[in-house]
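Q: Here it is, the structure in full.
The values are calculated or read from the model by the stated rules, or taken from the named source; none is laboratory data. For clarity, every value in this text was computed on a predicted model and none was experimentally measured. No Cβ is skipped: glycine too gets one built from the backbone with ideal geometry, and neighbour counts run over all protein chains shown. Surface accessibility is based on the protein's heavy atoms, side chains included, excluding ligands, DNA and RNA. Shrake-Rupley method; radii C 1.70, N 1.55, O 1.52, S 1.80 Å.
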Amino acid sequence: STMRERKTTDPLHSTDPLPSSTDLSEGKEKLRLKQEVGLISGVSLIAGTMIGSGIFMSPEWVLHHMGNPASSLLIWAACGLLAMFGALSYAELGTIIKESGGEYIYILRIFGSFPAFLFAYTSVILVRPAGLAAVCLSFAEYAIAPFYPGCSSPQVAVKCAAAACILILTIINCLNVRLATSVMNIFTAAKLLALFVIVVGGLVLLAKGQTQSFQNGFQGTTAGIGTVGVAFYQGLWSYDGWNNLNYVTEELKKPEVTLPRALMIAIPLVTCLYLLVNVSYLAAMTPSELLSSEAVAVTWGDKVLGSWAWLISLSVALSTFGSSNGTFFSGGRVCYIAAREGHMPDILSMAHVRCLTPSPALLFTSAMSLIMIISGNFSSIVNFFSFMAWFFYGMTISGLLYLKIKKPELPRSYKVPIIIPIIVLMAAVYLVLAPIIDQPQIEILYIVLFVFSGIIFYFPLVRFKYHPRFLQTVTLHLQLLLEVAPTTRDAK
């Protein structure tokens, strides 16, 4: 069948949790994911995913929406605090529901099948590909910028470079898992080097007295609720990844200890680093210069490093490529688990029989990302991504509040004060509603309609398990074409 039959379970009362191993079958051979992620690896996973393209692309947009340097720095600090609160709330969820899958598995276990399907449907088709498209567009901006000094890069060239990035990532991730992880580790060093150079350069400029951008710092602050919400979208994009450890809960060593500790180390470090980088940008450039730049770090390099500015372009391009590889690498996890639960077509839970990679899910994500690159730009994609992400973050946090109030007897090794998830929920409601109320756009209506269009697929294919014969035929042909086989898991 094209959709796996889902086991009927009472949310959060299932006695058959997802196993801690994932098996990719080829005859009798199986590949298992073991509990090998410790504290250092957990910190690296969070920080390495968070430090991607956003800090090199979003500063100009935060400044644009807030109107001045001081208020934009407050937005960056508030975004870090909100990410910390959200991550601590997720840490408690991760110690109650010790399964991989992040929001999807939490919504499934707490609220049931239907809302979990809507999340998987939206995430797999739109949200994950949108995130990948935005990161690849930022890579393209920096990769192309040195070829067009002193002027804006043509959008055609940027989009072609972004599309080429996605195709290269598809090949790497479909060929070999170890190759994909090696690429991610190597490029993490490049991003840390780039940020270290920018921070040190900014401190030197401040020591020399270049503080003009911070004089009358709050003059001209924008106060509209919708404008502030969009500024938060752009800032929070740079912090996206704070919840990534919850996607690999089953692979953590002592998740009840490792999960909260890794979050408490990684997110404050990233927040401090982001604030220092923004201060460095503003020390080197006036607000008007920063706003007119399409590649902020490149402009910073031109002003501070002179003939060595190409090093910044190279480092940032490598950094964003590595980040896009990490996004692409983890993008199939929700897709795989949703298919394993019967919420996605069976073909998406299959793996290549020789390479042992989830190639159907990767190819699907690649195709959707290419469509978004053709039709959108960085800013619009980030706003769309953030709107959808915080809608589901809010739903997940409301599930935690439900468990804290209605099921306090559930065993949990870590408890977050109830005020923290309440603050996160209020922020999520604000981030979803503020742009709609202040500056309603028809695109948001389209997004909402798309989410609920999942009803058309849920009831016949999942609820009533209607599997048209032609879909079974298509699945069989795709299996032969892609050389993939169903994945299995051991019963516990």
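Q: Want the number for N176 to I436: 0.36 nm per residue separation, take away the alpha-carbon distance, what's left? Don't skip to the end; give the middle numbers.
A: Working: separation 260, 0.36 × 260 = 93.60 nm, distance 4.31 nm.
My answer for the length gained is 89.3 nm.
Q: Among L425, Y414, F457, pick out the residue whose Cα is farthest towards the positive end of the charge dipole of region 382-492, where Lys and Arg carry +1 and Asp and Glu carry -1 on C-beta, about the Cα centre.
A: Highest projection toward the positive end goes to Y414.
Q: Give, in nm to one decimal, the length gained when the segment between L39 and E409 is fully stretched (0.36 nm per residue of separation minus the Cα-Cα distance). Mind showing how you got there, number by number?
A: Details: separation 370, 0.36 × 370 = 133.20 nm, distance 2.79 nm.
In short, 130.4 nm is gained.
Q: Next question. Mind checking the full-extension length gain between V429 and I374? Use 0.36 nm per residue of separation minus the Cα-Cα distance, one decimal, nm. Mind dumping the intermediate values first?
A: Details: separation 55, 0.36 × 55 = 19.80 nm, distance 3.06 nm.
That pair, V429 and I374, stretches by 16.7 nm at full extension.
Q: For the pair L203 and W308, how long in nm is the line joining their label points, each one 7 Å along Cα→Cβ?
A: It works out to 1.6 nm between the two label points.
Q: So what is the diffusion coefficient of region 334-440 in µm² per second by Stokes-Einstein at 25 °C and 0.890 mPa s, using a Kirkwood Rh over Cα pairs?
A: Details: Rh = 17.2 Å.
Answer from the Stokes-Einstein relation: 143 µm²/s.
Q: Now for a separate question. How would K415, K98 line up by accessible area, probe 1.4 Å, largest first? Kindly include the intermediate steps, with their values, before the conclusion.
A: Values: K415 135, K98 110 Å².
Of K415, K98, the descending order of accessible area is K415, K98.
Q: Related question: Return the Cα extents of region 39-480 along principal axes one, two and three, sorted largest first, each rounded to a whole Å.
A: Principal-axis extents of region 39-480 (Cα, largest first): 68, 49, 45 Å.
Q: Net charge near G399, counting Lys/Arg +1 and Asp/Glu -1 over other residues with Cβ under 12 Å of its Cβ?
A: Numbers: positive: R109, K404, K406, K407; negative: E92, E103.
Once all neighbours under 12 Å are counted, the net charge is +2.
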